[in-house]
Amino acid sequence: MVFVMGKERSGTTLLQTFLGGNPNIVAPPEYDFIVLLYPRFGKIKKWREKDILDFIEQLYAEQWISKVWHLDRDLLTSILLSIKDQADYPCICKVVYYCMRGTKENILWISDKNPMYVLFIKTILKIFPDAKFIHLIRDPRDNVNSHLQAFSVTNVKFITMKWLSYNTILLKSRNKYPEKCYAVLYEDLVQDPEACMKGICGFLKISFTDKMIQNTFPSRLENLGNQKELLGSAKAIHANLLKPVNTSNIGKWKTGMPPEDIGIVEKITGDFASKNFNYIMSEGYNKTSTRINIQILKAKIIYYSWQFFTRMKFKSYRFNIFYTRTNLRIGRQTRVFERILKGI
């Protein structure tokens, strides 16, 4: 297993698409089922028919597998039942991915991309001890600017804290597990995709093919042809992936963000981003008003409250499903934490 990780809007979807171009890699659209279902099924030692059928039922409960992955339920059920006596949770999960191989035969790697997995690296390594990680980094100002354009969350400080936290966690993981981790800058990925993908292939010890630098994301959307709501959402969020790979989004923050927002992003991330990734900050980036410093402190409290809550909810399958089905997405949850903070 190889996991593509980074703060959302860092190019993780593009990289997952590139990886899917390799004939030895299965790289389906993101779906967090391995962490979502782990509390319920992760500790089963001896799988019974009832466990397999229950797993299938829960896997298809959100309809992501059927609507986006288009995974044949009967086929998957048949395969899992045939191996239940030898199976464990990691094996069950890999079979789900493997059934997404299409016409590929010699599968050497399964790639899973989900930015949220950054918060669950320990869980992932517990499930897949041999897992590897690709850390994708993007200029924090461009990342925040892109996030503001794509999603409903407009709290610049919260988004920036998320960039800092995710990249801090991933950097620590790279230092702790250097043989398991590989870092790529978004700017390098779009400027020289061939060199980047050859580097990743070396890391994974597989052969590079030209298909790995072809943007096949538009063709992936064909699978959503009869899902108008999902199709519209995917096109809106990943509008740039409908075009050939380009560098037009590098430095877009210079004209797309208000000066105050730029100052906030640089204040929060400046030292970390410049020291570890060589991003050049504006002069005097660490000088902000007392009012802004207080706002940043509040944002830290809100963000780490959100992070704690996110980690906790994934420890309970029932609560997490309730959370998902009541549509308490990040934007609404962030506003809840903000209201709580105002009352303190």
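Just so it is clear, none of the values below were taken in a lab; they were calculated from the coordinates. Remember, predicted model here, so these are calculated numbers, not experimental data. As a convention, Cβ positions derive from the backbone with ideal geometry for all residues, glycine included, and neighbour counts pool all protein chains shown.
Laid out as a table, the results:
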| quantity | calculated |
| --- | --- |
| Likely footprinting exposure, 12, 160, fewest C-beta neighbours within 10 Å first | 12, 160 |
| Separation in nanometres of the label points that stand 7 Å from Cα toward Cβ, at residue 126 and residue 296 | 3.5 |
| Length gained when the stretch residue 287-residue 50 is fully extended (0.36 nm per residue, less Cα-Cα span) | 79.2 nm |
| FRET efficiency estimate (nearest 0.05) - Cβ-Cβ, residue 57 to residue 107, R0 35 angstrom | 0.85 |
| Global geometry of region 1-88, whether rounded, prolate or oblate, following the gyration tensor of its Cα atoms and the 1.5 cut on a/c | prolate |
| Modelled label reach - residue 172, point 7 Å along Cα→Cβ, region 110-127 residues with backbone N closer than 14 Å | 118-123 |
| Ranked 311, 318, 101, criterion: other C-beta atoms within 10 Å, fewest first | 318, 311, 101 |
| Rounded to whole Hz, the Karplus (6.51, -1.76, 1.60) HN-Hα couplings of region 155-162, x for glycine and proline | 7, 4, 5, 5, 4, 5, 4, 5 |
| Pairwise centroid distance, computed over Cα atoms, of region 175-205 with region 30-53, Å | 31 |
| Ranking of 130, 51 by count of other Cβ atoms within 10 Å, fewest first | 130, 51 |
